[in-house]
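Enquirer: There's a structure below that I have some questions on.
The values are calculated or read from the model by the stated rules, or taken from the named source; none is laboratory data. Predicted, not measured: the structure shown is a model, and the values here were computed from it. Please note: Cβ atoms are built from the backbone with ideal geometry, for glycine as well, and neighbour counts cover all protein chains shown. The protein model used for the area step is the full one, side chains on, heavy atoms only, and it has no ligands, DNA or RNA in it. Shrake-Rupley method; radii C 1.70, N 1.55, O 1.52, S 1.80 Å.
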Amino acid sequence: MRAVLAIDGPEARLRPDLLIENLHRLQDTYGALFHRHLAALAEASALSLTEVYEVATFYAHFDVLADGETPAPLTVRVCDSVTCAMMGGETLANRLTDTLGQDVRVVRAPCMGRCATAPVAEVGHRHLDHASEAKIADAVARGHVSPEIPDYMDFTAYQAAGGYDLLHACREGRRSPDEIIAIIDEAGLRGFGGAGFPTALKWRAVAKTSKPRLMAVNADEGEPGTFKDRFFLESDPHRFLEGMLIAAWAVDVDEIYVYVRDEYPAGLTILTRELAALEDAGLTGGASVYLRRGAGAYICGEESAMMASIEGKRGLPRHRPPYVSEVGLFGRPTLSHNVETLFWVRDVVEKGADWFASQGMNGAKGPRSFSVSGRVADPGVKLAPAGIPVRALIDEYCGGMAPGHRFAGYLPGGASGGILPASMDDIPLDFGTLEAHGCLIGSAAVIVFSDQDDVRDIARNLMRFFADESCGQCTPCRLGTEKALMLMQRDDWDEPLLTELSDAMRDASICGLGQAAPNPLMCVFRYFSEG
């Protein structure tokens, strides 16, 4: 295994698939992407200038400036996604320009994956939880712009607690791939990135393909309300890494690419550090491990868009078939997983399929990490039984509702998962239980709102997010989200027209963004007609 973040050698750095990495280097060094640098990069990488510009202008975290323009000395990003908006983020953003002065650029930004501590701001690359004007001004004045690295279980501590014993057993022949996959199958472990595809079925499908095989790990959770993967990366990264290496061994892949959100600089630092520790300890296998840094694009949470981004391209989803298990990253069969699924691999195998399956309730299997935010007393990542109803999740894991707030409704699966009223608080939160109600569990991002929140404001916020984040590849999504938002800005919503528009988006959009964008809107019509 070779852990690589800064690619070695000048020739390697100019490969076309490293275009986004090189754009990051330019942005980090010069504070922006200038025309002369992009032209030089295109020539050195044997790419057309159009190819470089279309990538540089696709991602939100790249600032393309004309030669002679001056980049802002410092950028402050303020999250305006639904939970932060509920907690005053939009008001905070509006007031910061006057507070910070003209030398600081204030930018509204989508979800930063810290919804439990809303409102959130980012000064340079340092995130501020429960952000306020005073806290942001103080960070700017002190020059606190680098990410804070939280305490976490490092390699030494993880290994001392039995970590990597299972990986050793696998590589030494004491466990076989068929045995491991059978245990995962019996346990019912599924993909926790949103789709819920059975893990064992995915492993078996990829293992049957021709070599070389690759693996892509999605650590780019951009769904508003979702922050579970950040929690795992910043607290117990090696449990995820061991699961990743076991999966790579079981499927016999040659290269692993871990795609990390640019909004997670601490997680990227931790992974870089801990992968180096693994290599130094001799825990190497047959696969090289590469870290790739996202650049601010929600669409790259979709697996084919993520793979396009890893290849140095715009993050555009593609039609299926072929599926990525057959034709994925760099045209090779690819095993695609998210962080949480791999996090559970070690526990499933060591503790047994029965242990994992018995953790669920209401017919569901396994424990599940719920990202809970909004009007609850104790938000955060809650490890609870899959299939738990939202009322029990709030009361037993979140300390009930926040003082002064009465439960009015909830988003069971983040921005795309729809909206349900408090009266429907007994539905098991699991795959397959919410679809009949026009909702999805997705990545289990539960956002709770109260009688003090306007459900139409919430729906507008979500549609604005989808309109901003549409990759623009297909007309139904690109224009549909824009027109839906325009119609939703009116006092009176034209239900027949919005329903017709939503049907077109669902039926004709290429990927899940356009297909799921109408879910919250349709739920408002269905369950909050008096709202």
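Enquirer: In whole percent, and with a 1.4 Å probe on the protein chains, what portion of the accessible area of the chain is carbon and sulfur?
Expert: Of the solvent-accessible surface of the chain, carbon and sulfur hold 49 percent.
Enquirer: Would you mind putting 303-312, 425-434, 407-416 in packing order, based on average other-beta-carbon counts within 10 Å, highest first?
Expert: Most protected by this proxy first, the peptides run 407-416, 303-312, 425-434.
Enquirer: Order THR70, THR29, THR269 by their accessible area, 1.4 angstrom probe, all chains in place, largest first. Walk me through the numbers on the way to the answer.
Expert: Numbers: THR70 120, THR29 100, THR269 50 Å².
From most accessible down to least: THR70, THR29, THR269.
Enquirer: For the cross-link pairs LYS228/LYS365; LYS211/LYS313; LYS211/LYS365; LYS202/LYS351, which exceed 27 Å when the distance is taken from alpha carbon to alpha carbon? Please list the in-between numbers first.
Expert: Details: LYS228/LYS365 18 Å; LYS211/LYS313 24 Å; LYS211/LYS365 33 Å; LYS202/LYS351 22 Å.
Over 27 Å Cα-Cα: LYS211/LYS365.
Enquirer: Also: Highest mean first, what order results for 85-94, 48-57 on Cβ atoms within 10 Å?
Expert: Values: 85-94: 19.5, 48-57: 16.1.
The peptides rank, most packed first, as 85-94, 48-57.
Enquirer: Still on this structure, please answer the following. Where does each of 126-139, 507-520 land if you order them by average Cβ count within 10 Å, highest first?
Expert: The most tightly packed comes first, giving 507-520, 126-139.
Enquirer: Treating only the Cβ atoms of Lys and Arg (+1) and Asp and Glu (-1) as charged, compute the dipole magnitude of the chain about its Cα centre; round to the nearest 20 debye.
Expert: 640 debye
Enquirer: Starting at the first residue of the stretch 170-185, write each ³J(HN,Hα) from the Karplus equation 6.51 cos²θ - 1.76 cosθ + 1.60 with θ = phi - 60°, in whole Hz, x for Gly and Pro.
Expert: Computed from phi, the couplings for the stretch 170-185 are 5, 6, 8, x, 7, 10, 10, x, 4, 5, 5, 5, 5, 5, 4, 5 Hz.
Enquirer: Could you name the aspartates and glutamates whose alpha carbon sits less than 17 Å from that of LYS483, not counting residues in the same chain fewer than 8 places away?
Expert: Within the straight-line cut-off, LYS483 pairs with ASP457, ASP468, GLU469, ASP491, ASP492, ASP494, GLU495, GLU500, ASP503, ASP507.
Enquirer: While we're on this one: Give me the net charge for the shell around SER443: Cβ to Cβ below 14 angstrom, other residues only, Lys and Arg +1, Asp and Glu -1. Working shown, then result.
Expert: Working: positive: ARG190, LYS228, ARG230, ARG261, ARG368, LYS382; negative: ASP220, GLU221, GLU223, ASP229, GLU302, GLU303, GLU340, ASP430.
Neighbourhood net charge equals -2.
Enquirer: Hey, what did the chain get for relative contact order, percent, Cα under 8 Å, at least 6 apart? Present the calculation step by step, with values, prior to reporting the outcome.
Expert: On the way: 1069 pairs, mean separation 74.4, N = 531.
With pairs under 8 Å counted, the relative contact order is 14 percent.
Enquirer: Moving on. So, taking all protein chains as they sit and a 1.4 Å probe, how much accessible area belongs to ASP98, in Å² rounded to tens?
Expert: Taking all protein chains as shown, ASP98 has close to 140 Å².
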